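The block underneath contains the structure these notes are about, expressed in structure tokens.
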């Protein structure tokens, strides 16, 4: 290759970094989830990765610093433009039209046994640079020929989003109840969702015309006593209503199929809403519509069920919020296609909120990786032309099979799960329901029914105290807001007597970050309740556990 070939320059820099690190191709491949031969090709300059995330993982594995990563990006950007590769660098802005195609192959799964903290390739780039890559080189004018100029990356300085200040609602901090007792969390939460709580349709209507409201009455009464809004989830068709349908994964005689006779669905929804009108705040119209283990019917039938249920609910309890069927498995092309099809068929015309399942590929991945899914969802809905409010209403069916996180990681990830809700405000995300409360067979245990809140639950309570009365107006990350590449920040105001003061929550997705305190910083508070004064110009280190920064303005 010619010396001026950007692909060759990229390869030479990767080779220098590799040699400096002393790592073999085999070791680099293992650490970056690539084959030995792929790493060799990239270092040799014989091929260019289709996404910068691959380059960034290699760079980080060799110990590359911020300036070296930025140089790698510039080289990769030029090489990708030269080879007509489609970069996956995107910003999180709907209006800019720069979100990735929803049908792109999902990122490679991370082995569950490995507790790697590295982010998937696309999000890692977003956090590192926040750039929009311009591919189409400008064509020369007539008389200068038609040769395309080299595409250059456009640097965008500033937060991921800035909007008018808006209160951080308590219902952002939701949990899914995994208990049949009617007990509620022993630590502050803002909302509860009923699933895996003995309240599926098959349990509530064991026979045609006969309802057993015992468990649901108990759950609703418990939530009312705790002043918590209830999201009821429909799902689990009784066996008598769909006898030929496949069984759902529950001990009750529940089926994944919709009822054979739509009138059965209408009757159940009507009885449910008549009994709990004014007591149940919201209804999610199916638990997980993109998983055949939970819903085996057609998308067309699902849209019709949504339409029918919405009409009944609004007629009986106009104040109730109707949440469209939960859409999950969005790391897969099949899950994204079902979401797109539901939107194309007008499903979101019949509900107030979209129920979306946001979760990491692996529970060991940083919560910030969920932002890749919010970007994908935003692109799908924007393409179809619908813009619903969004609630994160669950996780993946395999969550109980994933290993429990260590105490420190569980605490930090639990808090950052909700901070993702603030980061994704630009895409209309309003609520986050963490799965679950009451059970122990999950990676993040909050509190078993009858036990004490864990450090993760206590940390969630701490962040809610931090945000009491807060009005958030901006979130961002990395060099675009003068932070290290692994650092995140949300800015807001807090009440202080008759006026309001500035504050921020800061953290990293991996490792520590060294900062210089701004001149108006006055204190830093930690999740363990400790705090310390901060002087402008002094060194400040933040880590994976979020901290509250207060300012004197």
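Miscellaneous remarks
- Sorting the segments 426-435, 204-213 by their mean number of nearby beta carbons within 10 angstrom, highest to lowest, gives 426-435, 204-213.
- Mean Cβ count within 10 Å, highest first, over the residues of peptides 495-507, 357-369: 357-369, 495-507
- Point-to-point label distance, residue 71-residue 407, nm (Cα→Cβ direction, 7 Å offset): 4.4 nm
- Computed FRET value (nearest 0.05) for residue 207 with residue 301, which takes r as the C-beta separation and R₀ as 22 Å: 0.40
- Counting only alpha carbon atoms, the long axis of helix 299-316 and the longest principal axis of the chain meet at about 60°.
- Taking a ≥ b ≥ c as the square roots of the Cα gyration tensor eigenvalues, region 175-465 comes out oblate, since a/c reaches at least 1.5 and a/b does not exceed b/c.
- Whether region 473-551 is rounded, prolate or oblate, judged on the alpha carbon gyration tensor where a/c under 1.5 counts as rounded: prolate
- Based on DSSP H segments of at least four residues, each scored -39500 (n - 2.57), the chain has a per-residue ellipticity at 222 nm of -10000 deg cm²/dmol.
- Extension gain, residue 448 to residue 337, is 36.3 nm, computed as 0.36 nm per intervening residue step minus the present C-alpha separation.
- Short-range pairs are left out: with C-alpha atoms under 8 Å and at least six residues apart, the relative contact order of region 175-465 is 17 percent.
- FRET efficiency for residue 162 and residue 528, using Cβ-Cβ distance with R0 set to 30 Å, rounded to 0.05: 0.45
- Angle between the chain longest axis and helix 52-61 axis [Cα atoms, degrees, rounded to 10]: 70 degrees
- Only Cα pairs under 8 Å and 6+ residues apart enter the sum, and on that basis the relative contact order of region 160-299 stands at 21 percent.
- For region 499-553 and region 408-465, distance of Cα centres in Å: 21 Å
- Ranked by the mean number of other Cβ atoms within 10 Å of their residues, highest first, the peptides 510-519, 460-469 come out as 460-469, 510-519.
- Mean separation of Cα contacts under 8 Å (6+ apart) over length of the chain, as relative contact order %: 13 percent
- Angle between the chain longest axis and helix 370-384 axis [Cα atoms, degrees, rounded to 10]: 80 degrees
Since every read-out is calculated from the coordinates, none of them should be taken as a lab result. Not measured: the values here are computed from a predicted model. Please note: Cβ atoms are built from the backbone with ideal geometry, for glycine as well, and neighbour counts cover all protein chains shown.
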